[in-house]
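Shown next, in structure tokens, is the structure this report addresses.
The values are calculated or read from the model by the stated rules, or taken from the named source; none is laboratory data. These figures come from a predicted structure and were not determined experimentally. Positions of Cβ are generated from backbone atoms using ideal geometry, with glycine treated the same way; all protein chains shown enter the neighbour counts.
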Amino acid sequence: MKFKVIFKNFKESEILNFRPTYKYDINSDNWDSSKKKRVPAWCDRILWWNQKGVNIRQEFYDSVPSIKFSDHRPVRALFYLDVRKIGLAQYDKAYRREASHRPMIIAKKGRKQKVKL
């Protein structure tokens, strides 16, 4: 990210105030005890980007060390953003415009369907 080659214009909190989220022994707080002895790392991240003129700020960024069923620990974040208030007619128009670009998936009860997106 720092070389702006991949994830260009994405942002991430500059300060990580939590322990590395990888690699743990499953169902424990111990770092990797396998023969590989992987070095702990911050592999699990939350990246975001916003359009010019959109005010978004990250209030919270943390890991969830109590969830231990994987060799990773999940991360979570809380964001605040300013949104423009619009009327029902504007909402309906925007909803229809967006819905027209996305395929509808309607499955009959009890049937599996293959959907090509």
Residues being closer than 22 Å to residue 7 by Cα and part of a loop (DSSP other than H, G, I, E, B): count how many of those fall in segment 44-79. 12
Report, ordered by the first and then the second residue, all pairs with beta carbons closer than 9 Å, sequence separation of six or more or different chains, a first member in segment 80-104 that is farther than 29 Å from residue 60 by Cβ, and a second member that is hydroxyl-bearing (Ser, Thr, Tyr) and in a helix (DSSP H, G or I). none
Residues within segment 35-58 that are more than 13 Å from residue 77 (Cα to Cα) and either surrounded by 10 or more Cβ atoms within 10 Å (Cβ to Cβ) or of a type in the set (A, V, I, L, M, F, W, C) (or both), tallied: 9
Any hit, segment 16-34, residues being within 19 Å of the chain's Cα centre (by Cα) and surrounded by fewer than 11 Cβ atoms within 10 Å (Cβ to Cβ): yes
Pull out all pairs, ordered by first then second residue, where Cβ-Cβ is under 7 Å, the residues are six or more apart or on different chains, the first lies in segment 39-63 and is without any contact (Cβ under 8 Å) to a residue 24 or more places away in the chain, and the second is part of a loop (DSSP other than H, G, I, E, B). 40/20; 40/23; 41/20
Checked pairs for segment 16-29, first modelled with pLDDT of 85 or more, second among the polar types (S, T, N, Q) and assigned to a loop (DSSP other than H, G, I, E, B), C-beta under 6 Å and 6 or more apart or across chains, list as 25/33
